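Trainee: Questions regarding the structure given below will be posed in turn.
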Amino acid sequence: MRFGKLWRKLTMLARKRRATEELEEEVRLHVELRAERLSEAGTEPEEATHAASRKFGNRTLIAETSRETWSWRWLEHLGRDLRFALRALRKSPSFSMVAILSLAVALGANTAVFSFARAIVMKQLPVAHAGRLVILRQHNEQFHMENCCFRYQFFQDLKKQDTGFEDVLALSSTTVNLMDSEQNEKIDVEMVSGNYFRMLGVRAVAGRLLDNADDASEGTSQVAVIGYRLWQERFGGRPDVIGRRVLLDKEPVQIVGVTESGFAGMSLHEPHDLQVPSSMVGKLLGETRDSIGWAQIVARLKPGVTLEQASARLNVVGLAIEKAIGLNFTARDTFLVKDGSQGLDSKKEQFGKPVLLLLGLVAVVLLVACANLTALLLVRSVERTSEAGVRLALGGSRGALLRHFLAESLVLAAAGGVAGWALSRLLTEALLNLLGPQGEGLEQHVQPDATVFAFSAGITIAAGILFGLLPAWRASRSDPLSAIRGLPAAGRGGSSIAARLLIGGQIALSLALLFGAGLFIATLRNLRSIDVGFRSENVALMHVDLSNTAYARNGAPQFFDELLRRTRALPETRAASLATISLLSGAMQSVVLKVPGYVPQNRMPPVTYFTKVSGGYFRTLGIPLVAGRDFTNDDRAGALAEGVAIVNEHFARQYLGGDALGKAFAYGGGRKVRVVGMVGDARFRWLREEPQAVMYLPVAQGAFPSGAYVQVRTNGDPAATAERLRAMVREMDARVPVDRVTTMEMQIDRALARERLLVFLSTLMGGIAVALAAIGLYGVLSFAVARRTREIGIRMAIGAQRRRILAEFLTESAWMIAGGIALGIPLALGCGKLAASLLYGLQPGDARTALLATAVLAAVAFVAALIPAWRAARLEPMAALRWE
């Protein structure tokens, strides 16, 4: 029954005109039949027709009632309102374009930033109960770092303890060469414990998954599970992939299963398409799984257990396990339990707070845009008071009038939303480019989907209602009698006051945005102006990894010597060297020292950063040699002989009393070195990190590294030199993998990706907010001038001076500007405190930035107010008196 009624209404909508014609025909026939019966009864034909019509009733009313029964009347009203709204907006093209453009920018920015916020903060791994997953870490006080990896024995013992975890798994990742009869490919692989898939609740679409039997003992089970994407792209989705044998770094493994679509390992932002049992750690990493700390541990909390409770319990149980298995940790080395809903290598820690801050920032811009349009529509509704009053006088209801004016706002919002959707895609691409390598892994997560579309549609509708409701209500309260008589609209002053309050609010919000942008600009400037202790310009970088090549065991020294020789022979090369760690890349190595005569503070032994470098390293990077000498080719001490080291000035002051040359100390397992040189301090790991103690060792002293950075100071373009280095390695041996081909300046820019993102969006949104506030101020004052044109003409005709008229309007605008600034200053200072952890080199309430932001905003607002005020002062009295 309900379906039949619904079908009739849908049919009426689809064939409305035909149904209307059929209804009119039915009414006509009904009246004619009644008139015919009256005629047969003896009534004159003309009188019979009139009598039949009177007896039938109001044809229009009956037709309307029938249509309401057969169709959705509200839908017809909505369509009519939308058509009328489009006609009304076409009559004001300038206003419509300004409104649509301002909404497009605000809505597009919100949609783009929401895409990033969802990808970085809100999304979770596609596994069972991802919200209860946690990652275990340990803060190492001795090495000033956070330890990510544990011994396999620690993992096994932890599973047996009551720590508030429902289950615990271990994994590690590495990059291998996947080789089969068809092609070779570098791929990221996870080495996982046997309970990995069971704990995560992942299913197989083909074959089987790994289990505890595959991970029982080291080296016995060489099997692998591949991801759905790899199955489709590499193996064409063929079912015969099950049982197929491939090589991982020359180690044969058999593919036994394929995981379901959407799962790509225990990292949301860095997918892994292949898993092998942890029993293959020795095969792939070169060390047995019991001898090194390789295991990253992920656990699932029991229902009701909090992170704090699990952390407190782990700090008791974990230290006891480490003591039992003979690991030398102290009570200061506290365990950390972190959110694991996005798995390992999540970008939430680096970009989570900035992107949420940016989401709030673009939301403020949307509020500014809505306030701006509300103010403009309010003053515009006063101009249309006569129209609204006449419609009420003709029988229109106030509800219908409210609906009509609200429809105009929704049409504006819809047009702005469509344009904003297109703009959001461009802005998303711009933000990805701005993040550079830091944004890798985000591309697939920021693409538009149903959730992003629903968010965009939701804020579009909300914005339309927000900026349209007050003007629509104001128009619906019009007095029809005043409109018919042509009298001034009642309540005009109330609309004017509301518009001025909205302009003041826009100025306050704009000041907060400008102040925030100023803080981020100053932070980026401060970071860029840091004395890093070396010269970053004209330095090319390239990382070469020989660990999975034929050179890994004995050929690395010869390969790197030849590569360095060829590099130094390039015509543009000024200096070239090798290093195991590139400065300001975020990487670090640290080691415990044994320094004669040094008294440890807080019972903590001395610790230093260190890297292995070749001769010419300090000249390549422009690090000054303060005393002593550089490394030479003779610094190749054997296993037992005393080695040499170069230390920075911070190391010398902290551990050697400032005079380091010739002094000896030991590091690591007791290896003794003597200082042959001292260099200036250079920032090692991060730009924000103050200079630390650093020890430089000869790259040829001890075991030669299997991977190293080639660094070149060039006379030409460093990016071009970097590409020449890549080609040089291919020429030497095309099988040697090359990655991280860049320049030192690009590497520093990459380290500042978060700051550049904040500066770009905050400056853009601050500028847009100020422009919208200026447009709003200009519009309100222009309306005031237009409404008071006759008054101004009369005053000027009886002797008022032009400068008095100008001063009057400027004073009126000054009150709005001053009020907005007064409200905006505490708001801006509050925003500064929210962003305090993202700043560098200045306070959240920096007075200079606040004054500059206030001055810029006041200047823009003054110019926006001056134009209509100047126009009012330049009116000709006679023309103004004739104004209608």
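The values are calculated or read from the model by the stated rules, or taken from the named source; none is laboratory data. Computed from a predicted model, the values in this text were never measured in an experiment. Here Cβ is always computed from backbone atoms with ideal geometry, including for glycine, and neighbour counts include all displayed protein chains. When the accessible area is computed, the model is the full protein with side chains, heavy atoms only, and any ligands, DNA or RNA have been set aside. Shrake-Rupley method; radii C 1.70, N 1.55, O 1.52, S 1.80 Å.
Trainee: Which helices (runs of 4 or more DSSP H) does the range 718-814 wholly contain that include 3 or more residues that are at pLDDT 80 or above and surrounded by 15 or more Cβ atoms within 10 Å (Cβ to Cβ)? Steps first, answer last, please.
Mentor: Details: elements: 718-732, 744-751, 753-787, 789-797.
In the range 718-814, 718-732, 744-751, 753-787 are the helices (runs of 4 or more DSSP H) which contain 3 or more residues that are at pLDDT 80 or above and surrounded by 15 or more Cβ atoms within 10 Å (Cβ to Cβ).
Trainee: Out of the residues in the range 191-230 that are among the polar types (S, T, N, Q) and surrounded by fewer than 23 Cβ atoms within 10 Å (Cβ to Cβ), which is nearest to Thr175 (Cα to Cα)? Walk me through how you get there before you give the answer.
Mentor: At the first step, the residues of the range 191-230 found to be among the polar types (S, T, N, Q) are 193, 195, 212, 217, 220-222.
Checking the rest, the ones that are also surrounded by fewer than 23 Cβ atoms within 10 Å (Cβ to Cβ) come to 195, 212, 217, 220-222.
Details: Asn195: 22, Asn212: 24, Ser217: 23, Thr220: 21, Ser221: 20, Gln222: 17 Å.
Here the residue is Gln222.
Trainee: Starting from residues that are open to solvent by 10 Å² or more (accessible area, probe 1.4 Å) and assigned to a strand (DSSP E or B), keep the ones in the range 680-712 and report whichever is farthest from Gly286 (Cα to Cα).
Mentor: Ranking the candidates gives Tyr709 first.
Trainee: Can I ask one more? With respect to Leu336, determine if the residue is part of a strand (DSSP E or B), touching a residue at least 12 places away in the same chain (Cβ under 8 Å) and more than 18 Å from Ser173 (Cβ to Cβ).
Mentor: Values: part of a strand (DSSP E or B): yes; touching a residue at least 12 places away in the same chain (Cβ under 8 Å): yes; more than 18 Å from Ser173 (Cβ to Cβ): yes.
Against the criterion (part of a strand (DSSP E or B), touching a residue at least 12 places away in the same chain (Cβ under 8 Å) and more than 18 Å from Ser173 (Cβ to Cβ)), Leu336 qualifies.
Trainee: If you scan the range 202-236, which residues turn out to be within 16 Å of Gly265 (Cβ to Cβ) and in a loop (DSSP other than H, G, I, E, B)?
Mentor: Val202, Arg203, Leu209, Leu210, Gly227
Trainee: Also, I was wondering about something else. Return the residues of the range 431-458 that are more than 18 Å from the chain's Cα centre (by Cα) and surrounded by 14 or more Cβ atoms within 10 Å (Cβ to Cβ); say none if nothing qualifies.
Mentor: Passing the criteria: only Ala457.
Trainee: Name the one entry in Gly702, Gly680 that is touching a Pro at 6+ places or on another chain (Cβ under 7 Å) and under 23 Å from Val607 (Cβ atoms).
Mentor: Values: Gly702 fails: touching a Pro at 6+ places or on another chain (Cβ under 7 Å).
Exactly one of Gly702, Gly680 is touching a Pro at 6+ places or on another chain (Cβ under 7 Å) and under 23 Å from Val607 (Cβ atoms), namely Gly680.
Trainee: Scan the range 839-858 and give yes if some residue there is at pLDDT below 90, buried (at least 17 other Cβ atoms within 10 Å of the Cβ), aliphatic (A, V, I, L, M) and farther than 16 Å from Ala522 by Cα, otherwise no.
Mentor: no
Trainee: Does His144 count as under 19 Å from Ile321 (Cβ atoms) and at pLDDT below 90?
Mentor: Values: under 19 Å from Ile321 (Cβ atoms): no; at pLDDT below 90: yes.
Here the answer is no, as His144 does not meet what is asked.
Trainee: Mind checking which residues of the range 551-583 are open to solvent by 30 Å² or more (accessible area, probe 1.4 Å) and not in a loop (DSSP other than H, G, I, E, B)?
Mentor: Listed by number, the residues that qualify are Pro557, Gln558, Asp561, Glu562, Arg565, Arg566, Arg568, Arg574.
Trainee: A follow-up question, please. Are any of the residues in the range 111-120 open to solvent by less than 60 Å² (accessible area, probe 1.4 Å), modelled with pLDDT under 90, under 15 Å from Thr460 (Cα atoms) and within 31 Å of the chain's Cα centre (by Cα)?
Mentor: no
For every residue, the table says whether it meets (1) outside any helix (DSSP H, G or I); (2) touching a helix residue (DSSP H, G or I) at 6+ places or on another chain (Cβ under 7 Å); (3) within 14 Å of Ala106 (Cα to Cα); (4) at pLDDT 90 or above.
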residue	(1), (2), (3), (4)
Phe405	no, yes, no, no
Ser409	no, yes, no, no
Ala413	no, yes, yes, no
Gly417	no, yes, yes, yes
Leu431	no, yes, no, no
Leu434	no, yes, no, no
Gly441	yes, no, no, no
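Trainee: Let me ask something additional. Residue check, Gln296 against (1) of a type outside the set (Gly, Ala, Ser); (2) within 25 Å of Glu349 (Cβ to Cβ); (3) more than 33 Å from the chain's Cα centre (by Cα), all met but one. Which one?
Mentor: Unmet condition: (3).
Trainee: Scan the range 690-717 residue by residue and report those that are hydroxyl-bearing (Ser, Thr, Tyr), under 27 Å from Glu185 (Cα atoms) and modelled with pLDDT of 90 or more.
Mentor: Within the range 690-717, Tyr709 is the sole residue that qualifies.
Trainee: Sticking with this structure for a sec: Determine, yes or no, whether Pro488 is modelled with pLDDT of 75 or more, open to solvent by 30 Å² or more (accessible area, probe 1.4 Å) and either of a type outside the set (Gly, Ala, Ser) or assigned to a helix (DSSP H, G or I) (or both). Steps first, answer last, please.
Mentor: Values: modelled with pLDDT of 75 or more: no; open to solvent by 30 Å² or more (accessible area, probe 1.4 Å): yes; either of a type outside the set (Gly, Ala, Ser) or assigned to a helix (DSSP H, G or I) (or both): yes.
Judged against the criteria, Pro488 is not a match.
Trainee: Let me ask another. For a quick check of your reading of the model, give me the residue pairs whose first member lies in the range 163-179 and is assigned to a loop (DSSP other than H, G, I, E, B), whose second is not aliphatic (A, V, I, L, M), with beta-carbon atoms closer than 6 Å and at least 6 apart or on different chains.
Mentor: These pairs meet every condition: Thr163/Arg313; Gly164/Lys302; Gly164/Gln309; Gly164/Arg313.
Trainee: Please specify each residue of the range 224-240 satisfying the condition of being of a type in the set (A, V, I, L, M) and over 38 Å from the mean Cα position of the chain (by Cα). Give the derivation first.
Mentor: Applying the first criterion (of a type in the set (A, V, I, L, M)) to the range 224-240 yields 224-226, 230.
Correct list: empty.
Trainee: Looking at this structure, is Glu322 acidic (Asp, Glu), in a helix (DSSP H, G or I) and open to solvent by 10 Å² or more (accessible area, probe 1.4 Å)? Can you show your working first?
Mentor: Numbers: acidic (Asp, Glu): yes; in a helix (DSSP H, G or I): yes; open to solvent by 10 Å² or more (accessible area, probe 1.4 Å): no.
No.
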